[in-house]
Amino acid sequence: MGEAIISGLRKTDQQLHIRVSNRSNNERMLRLVDQYAVTAGKFEDTVENSQVLIIAVKPKDVLGVLKQLK
């Protein structure tokens, strides 16, 4: 789901600065960097340096991610 959102954002605005974080799959995150020209970083840095957050995780992981935002 996250990749579909990134792809759609890129199609509408090539200059948009998109940051991504992936706590469990570094290889996938690096592929997103290569394919969509996004910036990869640690979750905390991504949250701190972003104006808008899109939490694209599996439903079972939502609570854990939200707890990290506190």
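Some points to look at:
- Selection from segment 32-43 of residues that are in a helix (DSSP H, G or I) and either modelled with pLDDT of 95 or more or small (Gly, Ala, Ser) (or both): Leu32, Val33, Asp34, Gln35, Tyr36
- Extreme residue, farthest from Leu66 (Cα to Cα), among residues of segment 1-15 that are without any contact (Cβ under 8 Å) to a residue 40 or more places away in the chain and surrounded by 14 or more Cβ atoms within 10 Å (Cβ to Cβ): Arg10
- Residue list for segment 9-27, filter: farther than 12 Å from Ala56 by Cβ and assigned to a helix (DSSP H, G or I): Arg10, Lys11, Thr12, Asn26, Glu27
- Note on segment 16-28: residues that are more than 15 Å from Gln51 (Cβ to Cβ), open to solvent by 70 Å² or more (accessible area, probe 1.4 Å) and out of contact with any helix residue (DSSP H, G or I) (no Cβ under 7 Å at 6 or more places or on another chain) total 4.
- Of the residues making up segment 28-43, those that are of a type outside the set (Phe, Trp, Tyr) and in contact (Cβ under 8 Å) with a residue 12 or more places away in the chain are Leu32, Val33, Ala37, Val38, Thr39, Ala40, Gly41, Lys42.
- Residues satisfying the stated conditions in segment 51-70, i.e. part of a helix (DSSP H, G or I) and touching a residue at least 24 places away in the same chain (Cβ under 8 Å): Gln68
The values are calculated or read from the model by the stated rules, or taken from the named source; none is laboratory data. Note that the structure is a prediction, hence the values are computed from the model and not measured. Glycine gets a Cβ as well: all are built from the backbone with ideal geometry, and neighbour counts include every protein chain shown. With ligands, DNA and RNA removed, areas are computed over all heavy atoms of the protein, side chains included. Shrake-Rupley method; radii C 1.70, N 1.55, O 1.52, S 1.80 Å.
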